[in-house]
1. For n ≥ 4 DSSP H runs only, could you compute -39500 (n - 2.57) per run for chain A, divide by its residues and tell me the 222 nm figure to the nearest 500?
2. Among the chymotrypsin sites (Phe, Trp or Tyr not before Pro) in segment A:323-430, which ones are in a DSSP loop with at most 16 other Cβ atoms within 10 Å of the Cβ? Mind listing them?
3. Which value results when the Cα radius of gyration for segment A:1-86 is divided by 2.2 N^0.38 Å?
4. Once R0 is set to 25 Å, what does the formula 1/(1 + (r/R0)^6) return for the Cβ-Cβ distance between A:Thr389 and A:Ala261, expressed as a FRET efficiency to the nearest 0.05?
5. What are the DSSP H helices in chain A that stretch 24 Å or more along their long axis, judged by alpha-carbon atoms, and whose average Kyte-Doolittle hydropathy comes to at least -1.0?
6. Give me the extension gain from A:Arg236 to A:Glu11: residue separation times 0.36 nm, minus the current Cα-Cα distance, reported in nm with one decimal.
7. Over every pair of different alpha-carbon atoms in segment A:98-228, take the mean of 1/r and invert it; report that Kirkwood radius in Å.
8. With unit charges on the beta carbons (Lys and Arg positive, Asp and Glu negative) and the dipole taken about the Cα centre of chain A, which residue among A:Ser12, A:Leu96, A:Thr297 sits farthest to the positive side?
Amino acid sequence: MTLDKLPTTIESAQDMLCSGAITAVELANLCLEQIRTKDSDIHAFLEVYSDVLDQAAQADKRRADGFVHPLLGVPLSIKDNILCAGHTASAASKILENYVAPYSSDVVEKLQAAGAVIIGRVNMDEFAMGSSCEYSAYGPTRNPLDLARVPGGSSGGSAASVAAGMCVASIGTDTAGSVRLPASFCGVCGLYPTYGSCSRYGLIAMGSSLDQPGPVATTVDDCQILFNTLNGFDDRDAQSVPESSRDIPDPQVRVVGVPRALLHMEGVSDRVRSEFDSLVTRLEQSGYQVRDIDLSTITACVPVYYVIIPAEVSTNLSRMDGMRFGVRHEGTDLLDTYMQSKGAGFGPETQRRMLLGAYVLSAGYRDAYYTKATQVRELIRQEIFNAFTQCDVILNPTTTMGAFEIGSVVDPVAMYMMDIFTVPANLSGCPALSIPYGSDTTGLPLGVQVMGPRFGEERLFALGKVIEGLRA
Amino acid sequence: MIDETLLQKLSLLARVAVDPADVQQRLQDFQSILGCIGQINAVELPSDFAIVPIVYNHARADVSRPASADTVAGIINNFPSNVLGQLRVQQVLKK
């Protein structure tokens, strides 16, 4: 079979591979050709691994030996903060430009066990701090649907590589919406799994109480396949929840909660509101009960997050000092070496958050900021958990607007407010799925987000597939 | 308020050298961000709210303060059992 573009779903790729219409090596070669053709304009990939064809050949051999898995032979990309042994992982930062991972993350171990072909590492905002993929030390990634616009972040490379057809799916990481927001901007699906469901072992840490690896794919079905592959207890992640401790809710969705007051917040575009309202109407016509729910503390989510995350970042990035690994700039003494290395190695947003983290954790400010933020976070969690006694899922837009032009948002607070709809899931540890629905006034995609109770991913997939079916 | 003196102290604390050319922009950004995060002060906590923050440090959760019996009860009551794995509860109880 001669193909001029990649199959767009894991299922269609697997059908072709199983039927013998194409081999994994041929599929990988097609992937590499797509990258050669398109990526000079998009800049999704920071590195295409040199062993891609070897991986594909190995997948073909495993298939011939009788191994079966939905991901066998399927080409995927991984975000640049996911460790793959023997390969560079730079978190899109200069300070790690020479860092070669000495071990593989649990994500990569599971993908390799499944026989997936990992094409390479894709671009991101430096250390996952950003919502646009403009903060990479290696240059921005562009939205494949409009090269003048951002793909979203921080997993912008993941979303762009999938949307452009350069790979079938990708694994990103999500701390405040970093999988879901770029998925929405690029017209694909993205999942933030329940915190504690998928292992963070081998992810370059940003916010340890919020991070999860998350799939980016063209369909809800594909997100489900990837989640099922990554999901599971790992004792190398101290926050990983054993299966015996997981209270898994029933997968039925009958009542959809909508926090209508949030839709009228400043910054939410009229188009986002109207497209969302059209979906709600169609869900009601399909037999779902839609209930208005009160989530008043959600307006505090962004301030809470931007106290907690700099605090955790200042801790997690303190190890990036150029001593044991990474780039070192020699100074006049040890302290000066630390400061020169970090000053030269970190970009402006990373520096901003490290300084802010030092501030909110310092004596005299810690109680007012960090302690108060963790307490307000608990209020937010309680309100969200309580909301799930009134509804089965919570539905809202993924973003306040469609993809914006590169360089058009320079105020850090304006960038932070992009997370308003996505960060509640991270603060509460609840799973949330973004599905493309509707378009903005320029024709670029918008997304809607379905959030469920903890370990309630099956509810997200169930309603997500319905929403896919309701798209015009 | 953040001024240059405080910014210099934070720079030392975080061990991040701030380019002198960037100082004014840093201060401006900080003021803007503090205006955003300061909104948490407006959130009132219930009078019976007793939660001790758990500090996460590189995939390890440690109770940030010595835990009294009341605090332990507060932690267990305010965190779902499926967030606190068995190991964490044991750590809390040992304190």
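1. -11500 deg cm²/dmol, from helical runs alone.
2. A:Phe325, A:Tyr365
3. Cα-based Rg divided by the globular estimate yields 1.11.
4. 0.85
5. Helices passing the filter in chain A: A:24-42.
6. 77.9 nm
7. The answer is 14.4 Å.
8. A:Thr297
The values are calculated or read from the model by the stated rules, or taken from the named source; none is laboratory data. Quick caveat, the model's predicted, so the values are computed rather than measured. Backbone-built Cβ (ideal geometry, glycine too); neighbour counts: all protein chains shown. Only protein heavy atoms, including side chains, enter the accessible area calculation; ligands, DNA and RNA are left aside. Shrake-Rupley method; radii C 1.70, N 1.55, O 1.52, S 1.80 Å.
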